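Read through the structure below, which is laid out as structure tokens, and then see the notes.
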Amino acid sequence: MVNLEPAPEQLEVAELARELGVEVLAPAAREAEAARAVPENVWKTLFATGLTVPVPEELGGSGIGDTATLMIALENLAYGDPGITLAAFSSGAAALLLARHGGSDHAALVRSLITEPGTRAAVALYEPQGRGASEFATTIEVTGDEVRVRGRKVAVAFGAEADPLIVVGVEQSAGGVRAVLVPRTAPGLTVTPHGGSLALEAMAPATVAFDTAVPVSNLLDASGLLNTIGRIRLAVAAIAVGTGQRAVDYAAQYATERVAFGRPIASFQGVSFPLAEAQMRMAESRLEIAESAARLDDDAAEDVSRAVGYAGEVAAEATRAAVQTLGGHGFIAEHPVELWYRSAAALSTLDFDPVCSSFQAAL
Amino acid sequence: MSLSFTMSKPLRDYTNSLRDWSVAQIRPHAREADTRHSFPENWAEILDTSPVPLGRHDKGGLDPVPEFEDGHWVSKLSFYEAISYGDLWGLFAIGGGIGHLVVDAMGSPWQVEKWYQPVVEGGSVTGFALTEPHFGSDTSQVATTATRDGDGWVLNGTKIFCSNGANAEYVVVFATVDKSLGAKGINAFVVPKGTPGFVVGKVNEHKMGIRSWNTSELLFDNCRIPEENVLGWSEGEIKPRSSGQGGALGALGYNRPNIAAMSVGVTQASLDLTTGLLDEQKAGFSPHRWSLVQNELTAMNHVLARSRRVALKAQALLDGGKPDRSAAAVAKAYAPQSCERIIRRCMQLLGPEGTSEELLLEKWYRDVKIMDIFEGSGQIQRIIVGRGLMGRVVG
């Protein structure tokens with residue numbers, strides 16, 4: 001049966017996340033970018049809500065249990081600031097993977113990721129040049145009682161401090177995707193902080209090269225792993241849409257106040273149509289994300305690449321329309337629009353897959 | 001003569017030299033220029049390394065760009081693209097602002113002699129102050145006032161986004177003598193550096209891109225200037241003193257295709273860099289994925305070729321004595337917006353490392369955004385093209 005009506009709990013989550021986003025995250029956005037870290041008080045506030053640590057009660061947490069609601073939460077947090085949202089979720093994603101696929105050995109770690117705001121874990125997931133999970137070059141091979149991990153991951157959150165890292169790769173002998181817990185102290189880790197990026201600095205991303213071996217008990221259960229990875233990847237789409245929505249709302253407000261040629265510029269179709277079109281694409285994208293989330297929640301086979309790729313473009317173009325609406329004011333740091341423009345572009349590079357999108361000229 | 005889209009050999013040789021030089025000498029300082037929000041300290045020495053003349057403002061006419069049979073404005077396109085291919089800061093360092101070009105276009109002969117000649121001969125920098133906090137495209141909204149005071153004028157108001165404003169020898173300031181006259185009440189005033197009441201509010205705005213380009217906020221607080229500093233102004237348009245090359249229309253309208261060329265320069269650099277990096281990692285791609293990547297790169301190169309053609313068309317018309325505002329607007333609207341997408345796609349193809357400061361792609365992505373905003377935003381260019389079109393339909 002079709003049901004596109006958000007449940008009351010989802011509306012509550014949306015409202016809470018939006019409020020946090022606007023009142024707590026947004027004011028800290030510039031500081032987080034400059035410091036390349038989420039300010040401590042912001043992190044604690046966000047952590048306490050559990051919105052970004054999606055470990056449900058049945059797995060020992062108190063966070064959001066389903067992907068559909070998680071996407072709503074992340075979109076609305078990103079409405080405040082995408083950088084902080086992504087940073088917070090990066091640690092939460094590690095907790096989610098461990099909670100869903102870890103054994104009893106990992107229960108204590110999950111506990112600390114849920115209860116200790118000071119912990120930072122991360123998932124080493126993305127590889128360059130848009131390699132999706134099926135084409136990962138990182139290998140995870142079991143030999144006897146040890147697991148050999150070799151590869152290179154980019155955009156690893158808190159690369160310089162996250163512990164442990166959950167590395168996702170391919171087990172070539174069995175042909176499937178695996179995830180393994182790699183403690184920071186493991187030999188053979190080479191961490192290269194990105195050292196300044198276009199945006200999303202709050203998560204202090206790094207490139208991490210692995211050539212290491214860990215005990216076989218560090219291997220996570222592979223059953224349903226792609227589903228969980230799908231949830232984590234889809235989060236980037238939700239964060240992108242939240243970013244785009246914020247930019248469009250801001251620009252729309254500006255357009256109703258800014259007067260040129262005798263009237264508010266919002267009354268010119270050349271100004272309102274690009275924003276309206278951005279709004280249309282975001283409406284489409286949001287539904288695409290919601291359907292993907294619903295399928296993941298049903299444990300149906302779901303490749304999120306297309307939804308992620310589309311949301312990335314939609315947000316990049318929405319923030320562009322916003323900058324263009326503000327003109328020169330959109331280009332200076334006095335307005336947050338330039339930050340969103342950079343953030344949306346950076347988000348669109350995280351998990352890009354040329355298989356899902358071909359280049360189109362603007363005109 | 002049959003149609004040709006090929007530049008003459010002398011022009012190609014010249015711009016190839018420029019381009020190689022810009023990559024070798026300008027690009028290595030690109031990150032520094034971005035970080036310090038200013039040109040490198042030794043910018044003049046860096047420009048000294050050029051093997052060919054650059055037309056540097058600070059050389060006072062002793063470094064003229066050669067003229068080519070391809071035409072003045074057509075040649076300029078290649079010039080702009082070649083330098084931008086290294087990095088945009090080089091271009092900004094070479095130029096000396098446009099205030100004196102406005103004087104040349106609008107001033108009386110003695111005003112030109114007093115303010116234009118010394119600038120081009122002495123190599124100083126001038127500013128042009130039109131935009132205010134509450135308006136950009138709609139120039140009839142000038143709120144800076146010029147009030148009669150005996151035999152002079154007193155200026156009051158705030159100007160923003162004034163290129164070179166903080167270090168200019170003088171700034172040409174647009175102010176209204178009577179708001180009830182709308183655009184007709186707006187006059188241009190030459191305000192020399194150091195005039196009491198002329199205060200630099202901000203030397204350089206904190207911008208997303210083209211950070212090395214000084215974009216100043218200027219405050220005029222009971223700033224008194226003599227009658228002789230008033231230039232002419234009417235109908236919201238600068239009227240050129242003559243229709244020849246140079247002049248204020250050259251600085252404004254004629255410059256629009258050059259902006260397309262700047263976009264193309266930075267974007268071609270992005271595309272070439274990305275192609276090189278991807279090529280190095282070809283072995284890691286499945287054949288299917290690699291062919292998709294190649295399709296992407298090809299499609300983007302085609303867009304740059306289209307951008308070059310529309311800019312070329314506009315400037316060829318100009319050189320041929322048939323300037324066409326619509327053609328210039330097509331170039332200005334077409335190239336920058338597509339260039340943004342190309343650089344973004346380059347970063348996407350490389351993945352998150354493509355956005356790292358280790359590479360210049362992220363800087364060029366920030367830089368290129370301005371090209372669709374300044375000197376007539378994309379929206380304004382569409383209005384110009386639309387008016388040309390509808391005008392023709394309506395008759």
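The values are calculated or read from the model by the stated rules, or taken from the named source; none is laboratory data. From a predicted model like this one, the values you see are computed outputs, not experimental measurements. A quick note on method: Cβ atoms are made from the backbone with ideal geometry, for glycine too, and the neighbour counts reach across all protein chains shown. Side chains are part of the model used for accessible areas, which takes the heavy atoms of the whole protein and leaves out ligands, DNA and RNA. Shrake-Rupley method; radii C 1.70, N 1.55, O 1.52, S 1.80 Å.
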- Task: Order the following by accessible area, largest value first: B:Tyr116, B:Tyr14. Probe radius 1.4 Å; ligands, DNA and RNA are ignored.
- Result: B:Tyr116, B:Tyr14
- Query: How much accessible area per residue does chain A have, in Å², with a 1.4 Å probe?
  - Reply: 37
- Task: Only counting protein heavy atoms at a 1.4 Å probe, give the residues of segment A:98-144, ordered by number, whose accessible area falls by 30 Å² or more when the other protein chains are present relative to the chain alone.
- Result: A:Gln129, A:Arg131, A:Glu135
- Task: Taking every pair of Cα atoms in the protein assembly as shown, average 1/r, invert it to obtain the Kirkwood radius, and report Rg/Rh to two decimals.
- Result: 1.02
- Item | chain B, relative contact order [Cα under 8 Å, separation at least 6], % | 16
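Report, to the nearest whole %, how much of the accessible area of the protein assembly as shown belongs to carbon and sulfur atoms, 1.4 Å probe, protein only.
Details: 15740 of 29270 Å².
Solvent-exposed carbon and sulfur of the protein assembly as shown make up 54 percent of the total.
Looking at this model, which pairs from B:Lys76/B:Lys313; B:Lys9/B:Lys363; B:Lys184/B:Lys313; B:Lys193/B:Lys332 are more than 22 angstrom apart at the alpha-carbon?
Details: B:Lys76/B:Lys313 13 Å; B:Lys9/B:Lys363 33 Å; B:Lys184/B:Lys313 33 Å; B:Lys193/B:Lys332 32 Å.
Exceeds cut-off: B:Lys9/B:Lys363; B:Lys184/B:Lys313; B:Lys193/B:Lys332.
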- Note on the structure: Reduced to Cα centres, the span from segment A:22-51 to segment B:281-335 in Å works out to 42
- Note on the structure: Residues meeting the amide H criterion for A:Val123 (H placed from the backbone, H to H distance under 5 Å, 5 or more places apart or on another chain) are A:Ala94, A:Ala157, A:Ile166
- Total formal charge among the other residues, if their Cβ is under 10 angstrom from that of B:Glu205, Lys/Arg +1 and Asp/Glu -1: +1
- Enumerate the calculated ³J(HN,Hα) couplings along segment A:302-317 in order (Karplus 6.51 cos²θ - 1.76 cosθ + 1.60, θ = phi - 60°), each rounded to whole Hz, writing x wherever the residue is Gly or Pro. 8, 9, 7, 3, 5, 5, 5, x, 5, 4, x, 5, 4, 5, 4, 6
- Stokes-Einstein D in µm²/s, Kirkwood radius over Cα pairs - segment A:284-342 at 25 °C with 0.890 mPa s viscosity: 189
- Task: Run down the aspartates and glutamates and flag those whose C-alpha is under 13 Å from the C-alpha of A:Lys44, throwing out any fewer than 8 positions away in its chain.
- Result: A:Glu116
- For segment A:231-241, take each phi angle, set θ = phi - 60°, evaluate the Karplus expression 6.51 cos²θ - 1.76 cosθ + 1.60, and give the result in whole Hz per residue in order, putting x for glycine and proline. 4, 5, 5, 5, 4, 4, 5, 5, 5, 5, 5
- Message: Check which residues have an amide H placed less than 5 Å from B:Thr195's amide H, if you skip close sequence neighbours.
- Response: none
- Message: With +1 assigned to the C-beta of every Lys and Arg and -1 to the C-beta of every Asp and Glu, and no other charges, what is the dipole magnitude of segment B:287-395 about the Cα centre in debye, to the nearest 20?
- Response: 600
- Task: Pairs of Cα atoms under 8 Å, at least six residues apart: use those to get the relative contact order of segment B:145-239, whole percent.
- Result: 37
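What does the charge count near B:Leu277 come to, summing +1 for each Lys or Arg and -1 for each Asp or Glu among other residues with Cβ under 13 Å from its Cβ?
Combined, the nearby Lys, Arg, Asp and Glu give -4.
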- Query: Can you give the Rg to Rh ratio for segment B:300-395, taking only C-alpha atoms and Rh from Kirkwood?
  - Reply: 1.09
- Message: Quick query: amide H of A:Ala213 versus all other amide H atoms, modeled in the peptide plane; which residues come in under 5 Å with a sequence gap of 5 or more or a different chain?
- Response: A:Val149
- Message: Translational diffusion coefficient of segment B:93-204 at 4 °C, 1.567 mPa s, Stokes-Einstein with Kirkwood Rh over Cα pairs, in µm²/s as a whole number.
- Response: 90
- Item | Solvent-accessible heavy-atom area per residue, rounded to whole Å², over chain B at 1.4 Å | 40
- Note on the structure: If each part is reduced to its alpha-carbon centroid, segment A:141-195 and segment B:115-175 end up apart, in Å, by 59
- Message: Let me check I've understood the local charge: for A:Asp299, count other residues with C-beta under 12 angstrom from its C-beta, Lys and Arg +1, Asp and Glu -1. What total comes out?
- Response: -1
- segment B:160-237 - charge dipole about Cα centre, Lys and Arg +1 at Cβ, Asp and Glu -1, debye rounded to 20: 300
- Item | segment A:89-211: Cα Rg divided by the 2.2 N^0.38 Å rule of thumb | 1.02
- In Å, descending, principal axis extents of the Cα set of chain B: 79, 53, 39
- Message: I need the fraction of alpha carbon pairs in segment A:259-363 separated by more than 17 Å, rounded to a whole percent.
- Response: 62
- Query: A:Ser358 versus A:Asp249, label points 7 Å from Cα toward the beta carbon: distance in nm?
  - Reply: 3.7
- With all protein chains modelled, accessible area of A:Glu291 [1.4 Å, Å²]: 120
- If the cut-off is 22 Å between C-alpha atoms, which lysines fall inside it for A:Lys153, apart from same-chain ones fewer than 8 positions away? B:Lys282
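So what is the 222 nm mean residue ellipticity for chain B from helices alone, if each DSSP H run of at least 4 adds -39500 (n - 2.57) and you divide by all residues, rounding to the nearest 500 deg cm²/dmol? Walk me through the intermediate numbers first.
On the way: 13 runs with 175 residues, N = 395.
The per-residue figure over chain B is -14000 deg cm²/dmol.
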- Within a Gaussian network of chain B (alpha carbon springs, distance under 10 Å), most fluctuating of B:Ser356, B:Ser75, B:Ser286: B:Ser286
- Query: Considering protein heavy atoms only and a 1.4 Å probe radius, which residues within segment A:300-322 exhibit an accessible-area decrease of no less than 30 Å² in the full assembly relative to the chain by itself?
  - Reply: A:Glu313, A:Glu317, A:Arg320
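As a test of the definition: with a 1.4 Å probe, what buried accessible area, both sides summed, do you compute for B against A, in Å² to the nearest 100? Show your work: numbers first, answer last.
On the way: alone 18230 and 15990 Å², together 29270 Å².
Protein heavy atoms only, the B-A interface buries about 4900 Å².
For chain A, what is the mean residue ellipticity at 222 nm derived from helices alone (per DSSP H run of n ≥ 4: -39500 (n - 2.57); sum divided by total residues; nearest 500 deg cm²/dmol)?
Values: 10 runs with 172 residues, N = 363.
So the helix-based figure for chain A works out to -16000 deg cm²/dmol.
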- Per residue of segment B:181-195, in order, report the coupling 6.51 cos²θ - 1.76 cosθ + 1.60 (Karplus, θ = phi - 60°) as ³J(HN,Hα) in whole Hz, putting x for Gly and Pro. 8, x, 4, 5, x, 8, 10, 10, 10, 8, 10, x, 3, x, 4
- Task: May I ask you to give the average projected area over all directions of the convex hull of the Cα atoms of chain A, in nm² rounded to one decimal?
- Result: 18.3
- Item | Spin-label model distance (nm) - B:Asn167 vs A:Ala137, 7 Å beyond Cα toward Cβ | 4.3
